[in-house]
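Below: one structure, written as structure tokens.
The numbers here are math on the coordinates, done by the rules we state, and not lab data. Because the structure is a prediction, the values reported are computed rather than measured. Reconstructed Cβ throughout: ideal geometry from the backbone, glycine too, with neighbour counts over all protein chains shown.
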Amino acid sequence: MSMPVKSYNPLILTAIIIVLSIIFSCKKSNVDNPIPYVPVNKTIYLSLPEYAPLNSIGSSVFIDGGYRGIVVYRRSLTEFVAFDRACPYDPTATGAKLEIDSSGVTTVDPNCGSKFNLYDGSILHGPSTLPMKGYQTNYDQGSNSVSIYN
């Protein structure tokens, strides 16, 4: 006595194969950042003297917050970026705090020598293989302020 063989709808099998292929082919797109998470929710007012440099495109200031401090850079008339000052190569190392070099558009870690572009946080020179850790920004032209958050 033989057992009857069940027949499955080829459309259902195809759909299952496609879904499984998509799930198993996805790679984690963002590498875990070694810089510890610290909640950031700050607003700076560009009319205050300490933030006056940000009234010029291509200028930056350091502010408190984040893991090792934050650098805020003005990209354009309405665009700002903010990055943690911790070097992603070894953020816990003593002295691993990014400084702005004489060009004004590059940060460097005096500890490991890694260099980063302030415009977008990208790596210019290693040993770091990760870009600067960025924070979200929102410019409010009405209040002439920049909100920085994660």
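Descriptive notes on the structure:
- Full-extension gain in nm, Asn111 to Asn55, via 0.36 nm per residue minus C-alpha separation: 17.1 nm
- Here segment 60-135 is treated with +1 on each Lys and Arg Cβ and -1 on each Asp and Glu Cβ, and its dipole about the Cα centre works out to around 60 debye.
- The length gained by stretching the chain between Tyr45 and Leu124 to full extension, at 0.36 nm per residue less their Cα-Cα distance, is 25.4 nm.
- Residue-by-residue Karplus 3J(HN,Hα) for segment 60-65, coefficients 6.51, -1.76, 1.60, Hz, glycine and proline x: 9, 9, 9, 10, 6, x
- Alpha-carbon centroids, segment 46-95 and segment 104-150: separation in whole Å: 7
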